[in-house]
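Participant: I have a structure I would like to understand better, so I am pasting it below and will then ask my questions one at a time.
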Amino acid sequence: GLLRSDEACKITLGDINRRDGTIYVPATKSDQTGKGSFRFISNTSIKIVDAYLLLAKITVSDDVNVKALLKTQLFRGLSPKKTSVLATPISYPTINRIFQRLAKLAHLNVHLTSHSARVGAAVTMAENGVSDLDIQRAGGWKSTAMPSRYTEQARVSTGGMAQIAKLTNR
């Protein structure tokens, strides 16, 4: 969904539309009107969310108030001993710590932050020929300025000189 950390912290179970493959983001940095926006979520991401819900023991049953469940925060904190999932949402610093922990577990010698996934998604789209305008829309940026900056290096390999090199077999 190319979510910013503060956006991810606010997502509830009811914000995920499995049928349409979208997430409703109730508030965004670039949303001046306060109406929120919709973002794409892949089937793979939905499967990961389902696995997370299973591990977190968040289920729908006859004795669960479905309306209350839909207002439940998706990403929630853990108890101090990390033995149970709390009802409170995670925070921006928690998301950054998760990314740093993942980098360490993957033996990556880079400093990852929650923004790394957002930038990485923009770069992946650029490498696969997605226009800056479509990247802007996918990530909820106000203009193409930031996606263009993030994807500048990736676009060099498809730019004018790269095209000439390919045409002239150089």
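The values are calculated or read from the model by the stated rules, or taken from the named source; none is laboratory data. Given the structure is predicted, the values throughout are model-derived calculations rather than measurements. Positions of Cβ are generated from backbone atoms using ideal geometry, with glycine treated the same way; all protein chains shown enter the neighbour counts. Ligands, DNA and RNA are excluded from the accessible area calculation, which covers all protein heavy atoms including side chains. Shrake-Rupley method; radii C 1.70, N 1.55, O 1.52, S 1.80 Å.
Participant: Yes or no: the range 94-104 includes at least one residue that is surrounded by 13 or more Cβ atoms within 10 Å (Cβ to Cβ), hydroxyl-bearing (S, T, Y) and either out of contact with any helix residue (DSSP H, G or I) (no Cβ under 7 Å at 6 or more places or on another chain) or at positive phi (or both).
Facilitator: yes
Participant: If I filter the range 39-62 down to residues being basic (K, R) and over 14 Å from the mean Cα position of the chain (by Cα), which single residue comes out as least open to solvent (accessible area, probe 1.4 Å)?
Facilitator: Once the filter is applied, the top-ranked residue is K47.
Participant: Here's another thing I want to ask about it. Looking only at helices (runs of 4 or more DSSP H) that fall completely inside the range 1-70, which ones have 1 or more residues that are at pLDDT 90 or above and of a type in the set (V, I, T)?
Facilitator: In the range 1-70, the matching helices (runs of 4 or more DSSP H) lie at 43-55.
Participant: Kindly indicate the residue of the range 158-170 that is assigned to a helix (DSSP H, G or I) and not charged (D, E, K, R) and also farthest from S116 (Cα to Cα) among those meeting that condition.
Facilitator: It comes out as L167.
Participant: For residues in the range 146-170 being closer than 30 Å to F38 by Cα and charged (D, E, K, R), which is surrounded by the most Cβ atoms within 10 Å (Cβ to Cβ)?
Facilitator: Residue satisfying both the conditions and the ranking: R155.
Participant: Another question, if that's okay. In the range 147-170, what count of residues is obtained for those that are under 24 Å from E7 (Cβ atoms) and touching a residue at least 24 places away in the same chain (Cβ under 8 Å)?
Facilitator: Qualifying residue count for the region: 4.
Participant: Which condition breaks for G77 when tested against (1) part of a loop (DSSP other than H, G, I, E, B); (2) open to solvent by less than 100 Å² (accessible area, probe 1.4 Å); (3) over 26 Å from R137 (Cα atoms)?
Facilitator: Among (1) part of a loop (DSSP other than H, G, I, E, B); (2) open to solvent by less than 100 Å² (accessible area, probe 1.4 Å); (3) over 26 Å from R137 (Cα atoms), G77 violates only (1).
Participant: Still on this structure: Based on what the data block shows, is R155 assigned to a helix (DSSP H, G or I) and either touching a Ser or Thr at 6+ places or on another chain (Cβ under 7 Å) or under 30 Å from A27 (Cβ atoms) (or both)?
Facilitator: Considered against the rule, which asks whether it is assigned to a helix (DSSP H, G or I) and either touching a Ser or Thr at 6+ places or on another chain (Cβ under 7 Å) or under 30 Å from A27 (Cβ atoms) (or both), R155 comes out as no.
Participant: Of all residues in the range 25-38, how many are within 23 Å of F99 (Cα to Cα) and surrounded by 15 or more Cβ atoms within 10 Å (Cβ to Cβ)?
Facilitator: Qualifying residue count for the region: 2.
Participant: Let me ask something additional. Can you say whether S143 is surrounded by 11 or more Cβ atoms within 10 Å (Cβ to Cβ), part of a loop (DSSP other than H, G, I, E, B) and over 18 Å from the mean Cα position of the chain (by Cα), as far as the supplied structure shows?
Facilitator: yes
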